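J.: Before I ask anything, let me first share the structure, which is written out below as structure tokens.
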Amino acid sequence: MAETERGCPVAEGVRFRLLGPMTARAADGTALALGPNQQRALLAVLLLRAGRPVPVSELCDALWGDRPPVRAVGTVRTYASRLRALFEPDRPARAPARILVYAAGGYALRLSRPAVDIDEFERGLADAARLRAAGATREAYRTRERALALWTGCPLAGLPGPHAEARRDRLTGLWLTAREAHFRDALELGLDRETAAVPALRAFAAEHPLRERAQELLMRALHRAGRTGEALAVYEATRETLALELGTTPGPALTALHHTLRARPTPRRPFEGACADGGAAGPFVGRGAESDLVLGVLAGAPDEVPVAVLTGMPGIGKTALAAHVAERARGLFPDGVLRADLGAGAAAPLGRLVRALGAPEAAVPDGTEARAALYRSLLAGRRVLLLLGGARDTAGLLPLLPGTPGCAALVTSDSRGLVVPGARPVEVPELDDGAALELLAAVAGARRARQDPAGLRELADQCAGLPLALHLAGRRLRLEPGLSAAELASPGGTGPLARLRADGRAVEDGFRRRTRGLSPAALRALRATATAPERFGPAEVAALLAAGAIEAVGAIEELVDSGLLAPGASGRYRCHPLVRAFARHRLGPAQM
């Protein structure tokens with residue numbers, strides 16, 4: 001529903017959302033136009049004071065800190081006047097305000113029974129803590145889950161000023177602690193054995209590598225799943241990260257768990273479940289042909305070391321496909337599955353892998369070549385599948401490929417330009433229409449699928465077969481019962497791109513990461529694709545760039561290698577609709 005410009009005459013039961021972009025809806029569902037971000041920041045201060053007066057000087061400090069503009073007080077009064085017009089649009093010009101009142105040298109917001117998601121969030125966390133203390137772990141888990149579901153992104157997103165910044169920091173800290181408590185309860189209740197639990201915890205731990213509690217929980221979950229080698233690799237990665245970033249070592253709890261797991265290792269098993277690119281867990285659909293192809297490659301011949309390389313655009317589900325194939329390949333690799341996320345070099349992941357394979361700390365040599373030799377000697381005689389994620393270049397990947405027949409490697413890479421001798425490249429395509437709708441309906445929930453099949457089809461069409469987009473869209477629909485699929489499909493002029501975000505993730509984040517390091521010519525060519533025909537060639541790009549054919553071809557090849565452009569037949573290329581939307585609305589002059 002579009003925001004109203006005239007305001008809403010009903011100031012009772014207004015619902016405010018601040019755990020994400022700040023919005024407000026009247027009791028009848030009408031969206032209120034809250035004005036520019038600084039005015040919203042002022043409203044947030046007043047709202048969170050729960051009707052108590054806030055002095056004007058304190059409001060100025062909240063908005064500008066120790067550097068207020070010359071007309072700060074006048075600006076505060078202007079914002080207050082606009083907000084009065086919003087909440088009391090029919091108030092006569094000289095009549096006293098009833099909602100936003102001036103009192104004790106400041107302003108107080110006295111709405112009748114407002115609902116504020118921050119208050120609901122904090123009450124839910126407090127209730128969950130009391131339930132857990134009373135021994136009601138399952139009820140605590142469900143209560144905390146409802147509280148966490150209120151979170152739709154960065155709190156007070158886009159609001160300026162010291163007050164908003166301080167609130168963001170505090171709320172983010174509460175959220176992080178609550179997520180860890182939620183995972184802890186899931187482990188105690190045995191819910192980590194469900195398909196999505198371990199991938200979700202892995203994604204959370206990867207986002208917050210300096211939070212030792214998150215790493216400890218992940219290690220426990222992996223060990224319980226029979227994946228002690230991976231749990232030990234998590235410890236090694238955390239130890240290196242703490243040393244590099246903070247100059248510290250793991251604390252007592254993490255260290256004690258590490259010693260326990262090394263003393264009592266359990267057999268490694270393949271991964272349980274699947275997760276989408278970027279760690280978003282969800283149902284696995286529509287990849288039968290690709291899954292069969294990759295599994296056939298990994299089966300290989302007894303005297304070979306098969307390698308399959310999955311490539312594709314951001315959010316296409318390479319990680320999900322790799323995890324799914326690893327599960328299907330369980331019987332082929334009885335010694336288990338080891339995973340390494342590759343960075344700029346091979347030395348660090350090699351160190352983590354050899355420790356996971358049982359090498360004591362003192363036996364791990366320095367240098368890539370020495371570690372690679374130890375790594376291959378430890379793999380000798382074993383049947384292990386290596387999942388190697390995020391390969392950037394051939395030189396960084398080759399030392400991690402196993403050299404022993406019976407082992408195999410499944411690689412995911414952002415770059416179509418990765419060349420691995422003897423490897424089978426597999427391009428992961430968009431989901432077809434049927435699979436896309438199935439995934440969206442599964443995440444959004446059966447009730448949505450029954451009540452609004454046409455809306456879900458429209459939204460699935462807008463997501464254009466991109467699994468991460470479909471997953472985030474479905475999650476938004478599940479979290480926001482009042483949000484229609486049609487509204488999510490077309491919020492303004494950007495299509496669903498602007499609102500395809502949940503749990504701090506967004507579809508466009510992957511696109512933005514891919515643009516880093518592109519040449520200026522490639523960035524200009526990407527921006528040009530927003531206005532190019534659906535399928536185009538170098539001649540069209542050259543015309544749009546007013547450049548020569550050689551420059552256009554080079555830019556196109558760079559975009560193809562990055563995964564932002566897909567090659568087609570007869571020298572033509574195509575750009576995914578969401579990449580087009582990103583290029584049109586998010587790729588501004590600063591990135592060119």
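J.: Taking the Cα centre of the chain as the origin and placing charges on Cβ (Lys, Arg +1; Asp, Glu -1), which of 14, 481, 549 is farthest toward the positive end of the dipole?
T.: 14
J.: Which of 200, 226, 177 sits farthest toward the positive end of the charge dipole of segment 125-229, with +1 on the Cβ of Lys and Arg and -1 on the Cβ of Asp and Glu?
T.: The listed residue farthest towards the positive side: 226.
J.: Relative to the first principal axis of the alpha-carbon coordinates of the chain, what is the inclination of helix 117-133, with its axis defined by its Cα atoms, in degrees from 0 to 90 and to the nearest 10?
T.: 60
J.: Starting from the Kirkwood radius over alpha-carbon pairs of segment 428-474, derive D by Stokes-Einstein at 4 °C in a medium of 1.567 mPa s and give it in µm² s⁻¹.
T.: Estimated via Stokes-Einstein, D reaches 128 µm²/s.
J.: Which far-off residues, 5 or more places away or on another chain, put their amide H under 5 Å from the one on residue 339, with H placed in the peptide plane?
T.: 387
J.: Sort out for me the Cα centre separation of segment 433-489 from segment 76-155, rounded to whole Å.
T.: Cα centres, segment 433-489 to segment 76-155: 29 Å.
J.: Whole-Hz ³J(HN,Hα) for each residue in segment 163-168, computed from phi via Karplus 6.51 cos²θ - 1.76 cosθ + 1.60 with θ = phi - 60°, x for glycine and proline: what do you get?
T.: 4, 5, 5, 5, 5, 4
J.: Roughly how big is the chain's charge dipole about its Cα centre, with Cβ charges of +1 (Lys, Arg) and -1 (Asp, Glu), in debye to the nearest 20?
T.: My answer is approximately 1480 debye.
J.: Roughly to the nearest percent, how much of the accessible area of segment 523-592 is carbon and sulfur, given a 1.4 Å probe?
T.: Carbon and sulfur atoms account for 57 percent of the accessible area of segment 523-592.
J.: Let me ask another. Is it possible to state the helix-based mean residue ellipticity at 222 nm for the chain, with each DSSP H run of 4+ residues giving -39500 (n - 2.57), the sum divided by total residues, to the nearest 500 deg cm²/dmol? What is it?
T.: Estimated from H runs of four or more residues: -15500 deg cm²/dmol.
J.: Rounding to the nearest 10 and keeping the result within 0 to 90°, find how far the Cα-based axis of helix 368-379 lies from the longest principal axis of the chain.
T.: 70
J.: Once you mark the GluC sites (Glu not before Pro) that are in a DSSP loop and have at most 11 other Cβ atoms within 10 Å, what is the longest gap between them in the chain?
T.: 6-533
J.: What nm distance separates the two modelled labels at residue 246 and residue 206, each placed 7 Å from Cα along Cα→Cβ?
T.: Computed distance between label sites residue 246 and residue 206 equals 2.2 nm.
J.: Go through segment 68-107 and name the trypsin sites (Lys or Arg not before Pro) that are in a DSSP coil and have 14 or fewer other Cβ atoms within 10 Å of their Cβ.
T.: Answer by residue number: 71, 94, 98.
J.: Let me ask another. Scan around residue 309 for amide H atoms under 5 Å from its own, H built in the peptide plane at 1.01 Å from N, and keep only partners 5 or more places away or cross-chain.
T.: 411, 424, 426
J.: In whole Hz, what ³J(HN,Hα) sequence does segment 384-401 give by Karplus (6.51, -1.76, 1.60; θ = phi - 60°), x for Gly and Pro?
T.: With the stated coefficients, segment 384-401 comes to 10, 9, 9, 9, 10, x, x, 5, 9, 8, 5, 4, x, 8, 3, x, 9, 6 Hz.
J.: How charged is the neighbourhood of residue 552? Take every other residue with its Cβ under 12 Å from the Cβ of residue 552, and add Lys/Arg as +1 and Asp/Glu as -1.
T.: Residues near residue 552 contribute -3 overall.
J.: Quick one: net charge around residue 567, please, counting Lys, Arg +1 and Asp, Glu -1 for every other residue with C-beta under 9 Å from its C-beta.
T.: Combined, the nearby Lys, Arg, Asp and Glu give +3.
J.: Also, I was wondering about something else. Can you sort 564, 437 by 1.4 Å-probe accessible area, starting with the largest?
T.: So the residues, ranked largest to smallest area, are 437, 564.
J.: So how exposed is residue 167, as accessible area in Å² (1.4 Å probe, rounded to 10)?
T.: Here the accessible area works out near 60 Å².
J.: Considering only protein heavy atoms, what per residue accessible area in square angstrom results for the chain with a 1.4 angstrom probe?
T.: On a per-residue basis, 43 Å².
J.: Mind ranking 175, 64 by accessible surface for me, highest first, 1.4 Å probe?
T.: Ranking 175, 64 by accessible area, largest first, yields 64, 175.
J.: Within the accessible area of segment 96-237, what % is carbon and sulfur when the probe is 1.4 Å and the other protein chains stay in place?
T.: About 53 percent, which is the carbon plus sulfur part of the accessible surface.
J.: Now for a different question. Have a look at 100, 135, 149 and report the one farthest towards the positive end of the charge dipole of segment 95-178, computed about the Cα centre with Cβ charges (Lys/Arg +1, Asp/Glu -1).
T.: Working it through, the farthest residue towards the positive pole turns out to be 135.
J.: Now, a different point. Would you please give the residues with an amide H less than 5 Å from that of residue 107, counting only those at least 5 places away or on a separate chain, with H modeled from the backbone geometry?
T.: Those qualifying (amide H under 5 Å, at least 5 residues apart or on another chain) are 54, 56.
J.: Follow-up. Find the centroid of the Cα atoms in segment 378-396 and in segment 337-374, then give the distance between the two in whole Å.
T.: 11
The values are calculated or read from the model by the stated rules, or taken from the named source; none is laboratory data. Since we're looking at a predicted model, the values are computed, not measured. Cβ atoms come from the backbone with ideal geometry, glycine included; neighbour counts cover every protein chain shown. These accessible areas exclude ligands, DNA and RNA; they are computed on the full protein's heavy atoms, side chains included. Shrake-Rupley method; radii C 1.70, N 1.55, O 1.52, S 1.80 Å.
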